[in-house]
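Following: one structure in structure tokens, then a few remarks.
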Amino acid sequence: MGVKRMGWLKFMTNNQTQPSLTLYNELARMRLVNTVDANFIQSLQALLSPERVLTSVEDIIPYGFDGTAVLKQRPGAVVFPLTSEEVADCVRLACKRSVPVVTRGSGTGLSGGSVPLAGCLVICLVKMDKLIEVDEKNLTLRAQSGVITKEIDDAAAKVGLFYPPDPGSMKISTIGGNVAENSGGLRGLKYGVTRDYVMGLEVVLPDGTLTFLGNKCVKDVAGYSMKDLFIGSEGTLGIITEVILKVLPRPKARKTMLALYDSMDAAAKTISAIIAAKIIPCTLEFLDRVTVQCVEDYAKIGLPTDVEALVLMETDGHPVVVEEEAAQMMALAKANGARDVRAAADEAEGAKLAAARRNAFSALARVRPTTILEDVTVPRSELATMVAFIDSVAKKHKLQIGTFGHLGDGNLHPTFLTNELDHEEMHRVEVALEEIVEETIRLGGTVTGEHGVGLAKKAFLKRQLGEGSYELMRSIKQALDPQGLLNPGKIFDLRN
Amino acid sequence: MPQALLLQSLDYSVLQQCMHCGMCLPTCPTYVETKMEKNSPRGRIALLRAVADGDLEVSKALSDEMYYCLGCLACQTACPAGVNYAELFETARAEVEQANVNDGMQRGFWRWITLNVIFMHPWLLRLIGRVLRMYQSTGLDKLMRKLRFFGLMPRSLAKLEPQTPQIAAQFSDDIILPQESPIAGQGSRVGLLTGCIQDLAFSNINRDTVDVLIANGCEVITPRSQSCCGSLHAHNGELELARELARRQIDSFDLDSLDAIITNAGGCGSHLKTYGHLLHDDPLYAAKAKVWDSKVKDIHEWLVQIRFRKPTAGAGVSEVTYHESCHLCHGQKVVSQPRQVLASIPGLVLKELPESNWCCGSAGIYNITQPEQSQKLLDRKVANLKLTKAPIVATSNPGCHLQIANGLRSCGDHPCQEVTQPVTLLARAYRSERS
Ligand SMILES: Cc1cc2nc3c(=O)[nH]c(=O)nc-3n(C[C@H](O)[C@H](O)[C@H](O)COP(=O)(O)OP(=O)(O)OC[C@H]3O[C@@H](n4cnc5c(N)ncnc54)[C@H](O)[C@@H]3O)c2cc1C
Ligand code: SF4
Ligand code: SF4
């Protein structure tokens, strides 16, 4: 099913062309960049080995997209380096020949970040999958950037440690992709996002220089915090080849609960009550009726499908505290109007519930041919207002919207279930999206809480940031990548 | 005149259903092996969509890719968006066969002999079975091996020879009556599918199935000389032959008089349940096929549905582990029932097999067409079996049964010494009640 996002959504329907293609043509016209040619391929094959350089159509068509379905473009070649040095070699070569480079992890991004430019070089890092070290003394973990997120946490778990960020895609997303998108997850409320766990990064700069930023020290004020610049940079400033992550002692106990509501308002009130009671649960996720129905349809775990809102709550830590907090949360849910509150029988059942929530987005794709996912985020206090607003927008424009999201941190994923072939309906979707973005910005929120700008949110960035910080960002890009070769056209256009 | 592309006549929404999320990638054995998108469900679907969109020609490379795919359907279980990969897979294989991109006399000949001749004619298949049985029972096979006779055959065939299943001493028709009734109080009336490989190599499992059904008050009707169910044909791009076999299969049962049609082979069952779709265009059979689909039940599924009786005696084993046939768990979503059957046997502990639903590499005739990848998967399975330390593994598909038995045989000291099936253990338990 097509996942279309606002901004380029408008672009698509008006121009029938793909933004990355337009940008590329524009750059090519200005003779700023080249495409992959036979000569370049030969050099790549000499650098790596021929079987790690893909060029045939059958081989590269599957690299034309990421989790953002409608955006599609055919790269010139896809390469699989195994070491940081090989990445640096490839970038140096591309730099010399002025060939744009798009870095790719597992291609699960939801803003079009790893969608290639026509004829560009894609550097895919999934084969850089070595877990280098788990340092129990310093509570750090070092890995190549192609390691799968879940494998990071599994490795930590083996020695009683814990890597908290758990995006819905954790079974397949790469840690490099997580850092490049500063991904969040289901435990953000208590544990924060990817950025909070990055201590060091090995990065290949746009000119091919290999450098290390940060270290294993908890305290470090030697100069600018350069690693932070690369977290969330979406592959536009450098290629992350290795990471040093902070890990925590693994919580000894965890309790998962479900609260069912007949009104969204009651759910939102519960969340406020829990926070007001000075409890910080690790997870407060919510699914609305449509989403619950789709998830149940897929996972068949016995979720009730006649509720207005379902809230998944989780607390972890010391067993005694967990029991106490869980009891308190369940009482608060009841007191604030939950129709039913239940606790998972054991950790396995809890894990099943969380897994079902992780699949919410893909499960929504069952309903209609096109699924347009949003990522708006508002300050937590504005959450109920925002949910009510989304609801009214859906009613006003007669649209079907399934909403789910991270109640604890104000990050919502209203998801339009529509059909891209129905132009009249698509027009209403566009207007509705515009209204949701306006309201988000008015409430002091952001157009993307965790999925990144990529191509999808480009059109709204300036409006949210204002001229000053927008230009600051562009000047940083200009300083690091004067040729504009790393993931050009993502986040913002290079020139006006 | 060029034929119309099958992928283009397919309902486009089946291709569109994939929203590129990648959630299926970590469950796909071929992607996990190579980490290349082309070898993943998402990548394969993208290629098929490119064909439908007219952006890609049906090529040898596409064909190779579709034959590298195991058809294990693990992706279908993993996919939250409800992608019907089985249909895409079958259509794609039919597409590459129609396009004839695989020319090659030898491949063509063997495909023709197997799909168009042997597996279309039940009598011929059984005749071959008899010849093989004689060959094996007279010790001729060992002699031939000694004489290096197989050195004269094409290499790929010679390699296969040791994998030929041991042919059963008697076929199903010899040991199962056309109609068998329980002694006391009859419950349901069911038909039994004896399968082809199951019949040739494991007719005893068919017997066990009948015994278990009778022990649970079912009257069992077993038509003689049954045809192949056609799954082999559907999975190998011969949809027309598959339709022919489906019609024959339907005709061999008196549907209205039966409460269920029982299959005990995961791979067949998964295909048997889709006759409705296969024949949806057939004016004479469409309606019958729908009824057929609703009546086909995997034996474990049926046993749990009729609340089978728990045996009061054991099966003579204390520990068992369970390997899931792909088409039973991913194709038919029968996951808990075989485990319930095993767990019902007194004194038997079920030890969970790590990656129990990861393909063993048998995958129809994949072990013949892709021996290298098949071996890798078999090695992985054998290593996981070792971890359980269980002396016996149960599975419910003749392909898996043979593949795993081969794997264990070639691995010297393995704790797991026997491959069996859950119904066999249940039948044994019922039998020992009487002793
Ligand atoms: C079902 C589903 C659920 C999801 N749930 C969440 C969620 O809960 N929270 C969340 O935040 N996101 C979520 N996502 C979005 C996505 O999974 C994340 O953005 C993830 O971090 C992307 O990782 P990846 O390896 O797939 O990267 P890709 O998609 O391949 O790349 C993402 C971006 O990072 C860049 N990049 C990748 N690797 C590197 C590197 N090593 N160096 C420099 N740049 C790089 C790419 O150029 C691109 O711009 C979800 C996606 C799906 C499909
Ligand atoms: S059927 Fe099996 S091998 Fe083929 S794409 Fe699906 S998971 Fe992969
Ligand atoms: S999980 Fe389903 S929708 Fe997602 S990529 Fe795989 S097949 Fe497509």
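Quick one: dipole size for the protein assembly as shown, taken about the Cα centre, charges +1 on Lys/Arg Cβ and -1 on Asp/Glu Cβ, in debye to the nearest 20.
Charge dipole, the protein assembly as shown, about its Cα centre: 1400 debye, nearest 20.
Compute for chains A and B the buried accessible surface, both sides summed, probe 1.4 Å, and express it in Å² to the nearest 100.
Using a 1.4 Å probe, the pair buries roughly 2800 Å².
So how far apart, in nm, are the two label points at A:ARG250 and A:ALA348 if each is 7 Å from Cα heading toward Cβ?
Using points 7 Å along Cα→Cβ, the separation is 1.7 nm.
Separation between the B:THR114 and A:ASN39 pseudo-spin-labels, each 7 Å from Cα along Cα→Cβ, expressed in nm?
Taking the simple label geometry, B:THR114 and A:ASN39 are separated by 4.8 nm.
Taking a ≥ b ≥ c as the square roots of the eigenvalues of the Cα gyration tensor of the range B:319-434, is the shape rounded (a/c under 1.5), prolate (a/b larger than b/c) or oblate?
prolate
Specify the residue with the greatest mean-square fluctuation among B:LEU56, B:LEU348, B:LEU385, computed from a Gaussian network of chain B linking alpha-carbon atoms under 10 Å apart.
Comparing B:LEU56, B:LEU348, B:LEU385 in the GNM, the peak value goes to B:LEU56.
When only Cα pairs under 8 Å and 6 or more residues apart are kept, what is the percent relative contact order across chain B?
Dividing the mean separation by the residue count of chain B yields 13 percent.
Taking R0 as 51 Å, what's the FRET efficiency between A:ALA277 and B:LEU284 from their Cβ-Cβ distance, rounded to 0.05?
So, using R0 = 51 Å, E works out to roughly 0.15.
Run the reach check for A:LYS269 against lysines, Cα to Cα strictly under 17 Å, same-chain hits fewer than 8 apart removed. What comes back?
A:LYS278, A:LYS334
Report the extension gain between A:ARG289 and A:ASP135 in nm, rounded to one decimal, defined as 0.36 nm multiplied by the number of residues separating them, less their alpha carbon distance.
51.0 nm
Treating the beta-carbon of each Lys and Arg as +1 and of each Asp and Glu as -1, no other charges, what is the dipole magnitude of the range A:69-166 about its Cα centre, to the nearest 20 debye?
My answer is approximately 560 debye.
Amide H of A:GLY489: which non-local residues (sequence gap of 5 or more, or other chain) have their own amide H closer than 5 Å, using H built in the peptide plane?
The list, which skips near neighbours in sequence, is A:LEU494.
Counting only C-alpha contacts under 8 Å and six or more residues apart, can you give the relative contact order of the range A:57-107 as a whole percent?
Worked out over the range A:57-107, it gives 29 percent.
Could you work out the helix-only [θ] at 222 nm for chain A, with each DSSP H run of four or more residues adding -39,500 (n - 2.57) and the total divided by the number of residues, to the nearest 500 deg cm²/dmol?
Value at 222 nm, helices only, nearest 500: -11000 deg cm²/dmol.
Modelled label-to-label distance, B:ARG248 and A:ASP262, 7 Å Cα→beta-carbon offset: nm?
Between B:ARG248 and A:ASP262, the simple spin-label model gives 6.1 nm.
Computing the accessible area with a 1.4 Å probe over protein heavy atoms, can you report the carbon and sulfur percentage for the range A:382-496?
Answer for the range A:382-496 is 56 percent, counting heavy atoms of protein chains only.
Alpha carbon centre of the range A:99-155 versus the range A:353-380: separation in Å?
23
For A:ASP196 and A:ALA157 in one chain, what is 0.36 nm times their gap in residues minus the Cα-Cα distance, to one decimal in nm?
Once the chain is fully extended between A:ASP196 and A:ALA157, it gains 12.2 nm.
Hey, what number do you get for chain B at 222 nm if only DSSP H runs of n ≥ 4 count, each worth -39500 (n - 2.57), divided across all residues, to the nearest 500?
Helix-only estimate at 222 nm: -14000 deg cm²/dmol.
Where both residues lie in the protein assembly as shown, what percent of DSSP beta bridges are antiparallel, nearest 5?
Looking only at bridges with both residues in the protein assembly as shown, the antiparallel portion is about 70 percent.
Suppose R0 equals 30 Å; then what is the FRET efficiency for B:ARG434 and B:LYS351 from their Cβ-Cβ distance, rounded to the nearest 0.05?
0.60
Listed highest first by mean packing, meaning other Cβ atoms within 10 Å per residue, what order do B:284-292, B:41-49, A:91-99 come in?
B:41-49, A:91-99, B:284-292
Taking the full set of protein chains and a 1.4 angstrom probe, give the accessible area of A:GLU424 in square angstrom, rounded to the nearest 10.
Its heavy atoms expose roughly 110 Å² to the probe.
Using the heavy atoms of the protein chains and a 1.4 angstrom probe, tell me the accessible area per residue for the protein assembly as shown in square angstrom.
Averaged over the residues of the protein assembly as shown, the accessible area is 39 Å².
Beyond 23 Å between alpha-carbons counts as too far, so tell me which of B:LYS295/B:LYS333; A:LYS130/A:LYS252; A:LYS96/A:LYS477 fall in that bin.
Over 23 Å Cα-Cα: A:LYS130/A:LYS252.
Which whole-number percent gives the relative contact order of chain A, counting Cα pairs below 8 Å spaced six or more residues apart?
Across chain A, relative contact order equals 17 percent.
Could you state the number of Å between the C-alpha centres of the range B:1-42 and the range A:202-238?
If you average the Cα positions of each part, the centres end up 37 Å apart.
Got a sec? Charge dipole of the protein assembly as shown, +1 on Cβ for Lys and Arg, -1 for Asp and Glu; which of B:TRP123, A:MET199, B:GLN98 is way out at the positive end?
B:TRP123
Kindly sort A:LYS457, A:LYS278, A:LYS396, A:LYS255 by accessible area of their heavy atoms, largest first, with the probe set to 1.4 Å.
The most accessible residue leads, giving A:LYS278, A:LYS396, A:LYS255, A:LYS457.
Set Lys and Arg Cβ to +1 and Asp and Glu Cβ to -1, take the dipole of the range A:253-442 about its Cα centre, and tell me which of A:GLY408, A:THR315, A:VAL295 lies farthest positive.
Positive-end residue among those listed: A:THR315.
Hey, which of these cross-link pairs are over 32 Å Cα-Cα: A:LYS216/B:LYS38; A:LYS255/B:LYS273; B:LYS310/B:LYS389; A:LYS150/B:LYS290; A:LYS216/B:LYS376; A:LYS190/A:LYS458?
Correct reply: A:LYS216/B:LYS38; A:LYS255/B:LYS273; A:LYS150/B:LYS290; A:LYS216/B:LYS376.
Tell me, what is the 1.4 Å probe accessible area of A:VAL311, in Å² to the nearest 10?
0
Suppose accessible area is computed on protein heavy atoms with a 1.4 Å probe; arrange B:MET66, A:MET264, B:MET134 from highest to lowest.
Solvent-accessible surface, decreasing: B:MET134, A:MET264, B:MET66.
Provide a whole-number value for the mean count of partner chain Cβ atoms within 10 Å of the Cβ atoms in peptide B:35-44.
6
What accessible surface, in Å², does a 1.4 Å probe find on B:SER252, ignoring ligands, DNA and RNA and rounding to the nearest 10?
B:SER252 exposes around 50 Å² with every protein chain in place.
Determine the dipole magnitude for chain B: charges of +1 sit on the beta-carbon of Lys and Arg, -1 on that of Asp and Glu, nothing else is charged, the reference point is the Cα centre, and the result goes in debye to the nearest 20.
Computed about the Cα centre, the dipole is about 1300 debye.
Sort A:ASP481, A:ASP207, A:ASP59 by heavy-atom solvent-accessible area, probe 1.4 angstrom, most to least.
Heavy-atom accessible area, descending, gives A:ASP207, A:ASP59, A:ASP481.
Would you kindly state how much longer the chain becomes between A:GLU471 and A:ASP220 on full extension, computed as 0.36 nm times their sequence separation minus their alpha carbon distance, in nm to one decimal?
Length gained between A:GLU471 and A:ASP220: 87.5 nm.
Rounded to the nearest 0.05, what FRET efficiency is calculated for A:ALA331 and A:ASP297 with R0 set to 51 Å and r the Cβ-Cβ distance?
So, using R0 = 51 Å, E works out to roughly 0.95.
The values are calculated or read from the model by the stated rules, or taken from the named source; none is laboratory data. In this text, all values refer to a predicted model and were calculated from it rather than measured experimentally. Backbone-built Cβ (ideal geometry, glycine too); neighbour counts: all protein chains shown. Only protein heavy atoms, including side chains, enter the accessible area calculation; ligands, DNA and RNA are left aside. Shrake-Rupley method; radii C 1.70, N 1.55, O 1.52, S 1.80 Å.
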